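All remarks here apply to the structure that follows.
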Amino acid sequence: MPENAPPTPEPTPPGMQIGVDTWVEQADERRQRRTGVGGRISHLWELLPPAGKLAFLTPAIIVPFLPFMNEANLFNYGVFILIYALLALGLNVVVGFAGLLDLGYVAFFGFGAYIYSFLSGTHHEKGHVYTHHWSAQYSILLAVLICALLGLFLGSSSRRLLGDYLAIVTLFFGQAFVIFTNTTDPYGLTNGSNGLANVDPLNFRAFGQTLTISSVKGYYWFLLGCVVVVLIVLWCIAESRTGRAWKASREDPLAAEMMGMPVNRLKIMAFSFGAAIAGLAGSVFAAAQTGAFPQNFSTQVLILIYAVVILGGTGSLTGMIVGAVAIIVSNQVLDSTSPPNNARVIFYVALIAGIVLTLKPSWRRIAVALVGTAVFGLAVHAIVDAVWSRGTAGQVTSGGFLTGVIRHFVLLPTNPGRLAVYGYLLMIVLIVVLVQLKGWWRVVAYVPTLYLTAFVWENLLIQNPAVTRYVLFGALLIAVMTIRPQGLFGTAKVEIV
Amino acid sequence: MNPALSQQLRNLAGLGLGLVAFMFYAVYFSPTQGWVFFFQLTVNGIILGSIYALIALGYSMVYGILKLLNFAHGDVYMIGSFIGFGVLTLLGGPLSPAIPVALLVLCMFVVAMLGSGFLGLAIERFAYRPLRDAPRIAPLISALGVAFFLENSALLLFGSQYRNYDGYDLISYNGIHIGGDSGVFIQYLGVIVIVGAVLLMLALLGLVRWTRLGKAMRAVSFDREGAAMMGIDPDRVIAATFFIGSALAGAAGVMFGLLFSQIYYLIGFLAGLKGFTAAVVGGIGSIPGAMLGGLLVGLIESWAKGYLNGNVSDLVVFGILIGVMLVRPSGLLGTPALQKV
């Protein structure tokens, strides 16, 4: 109903108004957005056929990793990115295509890993000896099939359950898996919290020949092949009758049912499909690290997969790859074993990117916020230095090339302890206040908030990067959902009233 | 007779029969100690159940008004517990309190309730309000993010070690014996928990039934758009609901700390799940249902601990949850959802 729209586009209140169609109203604005360089590139990208996207994406994943990395880094970055890309592609079927919340997804990953480990490996505990050395193609196949069946079983509970209840049942499924693997069962199948350690690498035996993948590079290529195959299959499915039916039943199950689509069967199929992909990822993962341990399948991993899917944009295949690269790189950089200075660089880059994104159209405001923070920081530092010298006497945690800047900018008390905790709480309060403010007041509020963020980072967060990353991923889920629910590459939902 | 009401009465009758049958089994045929054991477990279950009921109320109220499953509720409870601990430490700790003990406990409750209430307000404002008209899955993911954010923030701020309330040192190790020294034993702490929970629940019932806010809450949960057309501001009512629900969770957190002494950053997860179980068993969206459900979950957990063993009690509780969700999704006191087309 565009002709009923009021002549002057007022700032639209939250929610839809009767007779106003914001999507149509903003059509020109969206076209405008296409004109910049970035806009043109994204437009071209959308025009590209999927095969062309794939041709671009594949080298984009390979190039940064293969030549420049040693074995450990290739495993921590390359292999992990591909594993999570696979997992995200599988979860995307459930969450993105079919619109079901599956909080037990990580259990399928675990089942895949444990089944592979059990079928191809040696374990003896509690007097039971399990020695099976199945050829990898059979054990992977069986793992995938069993996971698909489990998905079928779990999905069939969605028949009777509303959306939220389904989420809870799947959450219990995931928890039950964790409890089951952590508790040593009487037959020693899972070996409790110690996990299964003696797992074969991928041994493909056929026609008297054996092909063993033993190097990290080999796993990298193998996983890359898996990701490409899964991408192609998923793209075909997404455009097929089934894929379109999934999307229809996601948007409106009732209408889909009325159009003759078997909604229940579609839901179960999506569950089963996602579970199968997770099973594949799990079995390759177990082979790559030659073991399967309960802590590999914890809630943290689930949140990580969700962060990938949500950041990339539910429903978008490209998004899953990009999301996996972004999330896994930041996850590994913020690991406690990685040098803290890398984490610091990433943190400040992300902070500045956040400012630029939130204040985007006005470069003047961005400049004021950044310069203001710099001046404010130097001033505070000088005052505190004069009044309370212990407040600036602390050491910079492995500062690298930024040491000088940080020492003269951020307050570093000799024993931050409680002060850092109060700083963290105050930072959250300031962010809460900041979001409430409008216009220039918000720019002014940026200054102390940014400075305090730097203070908290240097004094508290950088000591515990492994915890910090989960705080950040939690915040990321909230921020993406509230600011840009379609993620980086998803398509915005159009609701016409 | 109203079909929904007769359904509820049948549910309650079935529940009562089941409980009586279980009681007879436990008292006469159980291999363990007979009736004293049974009633001791029952008393423990009621104490535990009143904590779960308080958590379940927040879940149920939020679900009733927003149709949103607030995953972060358990973590609000955890934060409330830590706030109570902070007040306790600031005012001298359990062994040398700076002010009279009764006043100190009151302070802990009030500050923890206010703190978690405001936390609930902030969560609603940031994570849920922007998603009011989004697809159903969006606030769920956002809620997951909030839960994870709170849990790890607590880990960052308070560390992973246990904090000790030492509630028995603070108040008393003693209690009431019923039926002689070998009879049923109720600690004074347990009495405090039950009395506190009952008072809070009565206050809530009174608020919902007799105040303007309560009336507005009922109206908004019945039909949000209709209420808005009648001049009620749904955003304010929803914010108030979050405040009240989170404050109750904070009180439950302090009770848990006093009763079980040890708190740490992960207590919210399991407690949240059990509170949710209680809300579903009682009929999500129904306030008396949440109370009944909480009591029931506490009792079942306590009995399962006594008659089976400690490890399986959680599995029993969650098995019951899944059973209820599959067989009778509207719970004991809920009204069956009519889907309008």
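The values are calculated or read from the model by the stated rules, or taken from the named source; none is laboratory data. Values in this document were obtained by computation on a predicted structure and should not be read as measured data. With ideal geometry, Cβ positions are generated from the backbone for all residues, glycine too; neighbour counts draw on all protein chains shown.
Only one residue in A:232, A:310, A:237 is in contact with a Leu (Cβ under 7 Å, 6 or more places away or on another chain) and aliphatic (A, V, I, L, M), so which one is that?
A:310
Tell me, which helices (runs of 4 or more DSSP H) wholly within the range A:306-403 include 1 or more residues that are acidic (Asp, Glu) and modelled with pLDDT under 80?
Passing ranges, in order: A:363-387.
Give me the residue from the range B:122-141 that is part of a helix (DSSP H, G or I) and not aliphatic (A, V, I, L, M) and, out of that set, nearest to the chain's Cα centre (by Cα).
The selected residue is B:124.
For the range B:292-317, which positions are in a helix (DSSP H, G or I) and among the hydrophobic types (A, V, I, L, M, F, W, C)?
Those that are in a helix (DSSP H, G or I) and among the hydrophobic types (A, V, I, L, M, F, W, C): B:292, B:295, B:296, B:297, B:299, B:300, B:303, B:304, B:315, B:316, B:317.
Looking at the range B:329-341 only, could you name the residues that are touching a helix residue (DSSP H, G or I) at 6+ places or on another chain (Cβ under 7 Å), surrounded by fewer than 18 Cβ atoms within 10 Å (Cβ to Cβ) and either modelled with pLDDT of 75 or more or within 11 Å of chain A (Cβ to nearest Cβ) (or both)?
B:329, B:341
Sort out which residues of the range B:65-115 are of a type in the set (S, T, N, Q) and closer than 19 Å to residue B:266 by Cα, and write them in order of number.
B:70, B:81
Given the options B:242, B:260, B:276, name the one that is away from chain A (no Cβ under 14 Å) and crowded, with 24+ Cβ neighbours inside 10 Å.
Of B:242, B:260, B:276, the one residue that is away from chain A (no Cβ under 14 Å) and crowded, with 24+ Cβ neighbours inside 10 Å is B:242.
Among the listed residues B:114, B:144, B:119, B:150, which satisfies the condition of being among the aliphatic types (A, V, I, L, M), surrounded by fewer than 20 Cβ atoms within 10 Å (Cβ to Cβ) and under 23 Å from the mean Cα position of the chain (by Cα)?
B:114
Of the conditions (1) more than 14 Å from residue A:79 (Cβ to Cβ); (2) more than 23 Å from the chain's Cα centre (by Cα), residue A:293 clears all except one; give me its number.
Unmet for residue A:293, out of (1) more than 14 Å from residue A:79 (Cβ to Cβ); (2) more than 23 Å from the chain's Cα centre (by Cα): (2).
From the list B:266, B:321, B:315, which one is within 18 Å of residue B:78 (Cβ to Cβ) and either within 14 Å of chain A (Cβ to nearest Cβ) or at pLDDT 90 or above (or both)?
Of the residues listed, the single one that is within 18 Å of residue B:78 (Cβ to Cβ) and either within 14 Å of chain A (Cβ to nearest Cβ) or at pLDDT 90 or above (or both) is B:266.
Could you check the range B:223-291 for helices (runs of 4 or more DSSP H) lying wholly inside it with 1 or more residues that are in contact (Cβ under 8 Å) with a residue 40 or more places away in the chain and of a type in the set (S, T, N, Q)?
Answer list for the range B:223-291: B:234-260, B:267-282.
Filter the range B:64-115 down to residues that are assigned to a loop (DSSP other than H, G, I, E, B) and either over 23 Å from residue B:217 (Cα atoms) or of a type in the set (Gly, Ala, Ser) (or both), then give me how many there are.
Qualifying residue count, the range B:64-115: 11.
Restricting the search to the range A:249-280, which residues are away from chain B (no Cβ under 14 Å), of a type in the set (Gly, Ala, Ser) and either under 21 Å from the mean Cα position of the chain (by Cα) or in a helix (DSSP H, G or I) (or both)?
Across the range A:249-280, the qualifying residues are A:272, A:274, A:275, A:276, A:278, A:279.
For residue B:68, which of the numbered conditions (1) away from every other protein chain (no Cβ under 14 Å); (2) among the hydrophobic types (A, V, I, L, M, F, W, C); (3) touching a helix residue (DSSP H, G or I) at 6+ places or on another chain (Cβ under 8 Å) fails to hold?
That leaves (1) as the condition not met.
Being among the hydrophobic types (A, V, I, L, M, F, W, C) and more than 30 Å from residue B:68 (Cβ to Cβ) is the filter here, so list the residues in the range B:140-173 that pass it.
Answer for the range B:140-173, where residues must be among the hydrophobic types (A, V, I, L, M, F, W, C) and more than 30 Å from residue B:68 (Cβ to Cβ): B:170, B:171.
Mind listing whichever residues of the range A:193-220 are crowded, with 16+ Cβ neighbours inside 10 Å and not in a loop (DSSP other than H, G, I, E, B)?
Result: A:196, A:199, A:202, A:203, A:213, A:216, A:217, A:219, A:220.
Among the residues in the range B:186-202, are any more than 29 Å from residue B:105 (Cα to Cα), more than 14 Å from chain A (Cβ to nearest Cβ), surrounded by fewer than 21 Cβ atoms within 10 Å (Cβ to Cβ) and free of Cβ contacts under 8 Å to residues at least 12 places away in the same chain?
There is no residue in the range B:186-202 that is more than 29 Å from residue B:105 (Cα to Cα), more than 14 Å from chain A (Cβ to nearest Cβ), surrounded by fewer than 21 Cβ atoms within 10 Å (Cβ to Cβ) and free of Cβ contacts under 8 Å to residues at least 12 places away in the same chain.
Output the residues belonging to the range A:158-191 that are within 8 Å of another protein chain (Cβ to nearest Cβ), in a helix (DSSP H, G or I) and modelled with pLDDT under 75.
A:163, A:164
Among the residues of the range B:43-56, are any under 26 Å from residue A:425 (Cα atoms), surrounded by 24 or more Cβ atoms within 10 Å (Cβ to Cβ), within 13 Å of chain A (Cβ to nearest Cβ) and in contact (Cβ under 8 Å) with a residue 12 or more places away in the chain?
For the range B:43-56, residues under 26 Å from residue A:425 (Cα atoms), surrounded by 24 or more Cβ atoms within 10 Å (Cβ to Cβ), within 13 Å of chain A (Cβ to nearest Cβ) and in contact (Cβ under 8 Å) with a residue 12 or more places away in the chain: absent.
Is it the case, given these coordinates, that residue B:123 is over 24 Å from residue A:418 (Cα atoms), more than 7 Å from chain A (Cβ to nearest Cβ) and at pLDDT 90 or above?
Here the answer is yes, as residue B:123 does meet what is asked.
Go through the range A:90-121 residue by residue and tally those that are surrounded by fewer than 24 Cβ atoms within 10 Å (Cβ to Cβ), within 13 Å of chain B (Cβ to nearest Cβ) and part of a helix (DSSP H, G or I).
Going through the range A:90-121 one residue at a time, the tally reaches 0.
Among the residues that make up the range B:92-110, is at least one of them within 14 Å of chain A (Cβ to nearest Cβ) and either in contact with a helix residue (DSSP H, G or I) (Cβ under 6 Å, 6 or more places away or on another chain) or surrounded by fewer than 17 Cβ atoms within 10 Å (Cβ to Cβ) (or both)?
The answer is no; no qualifying residue exists.
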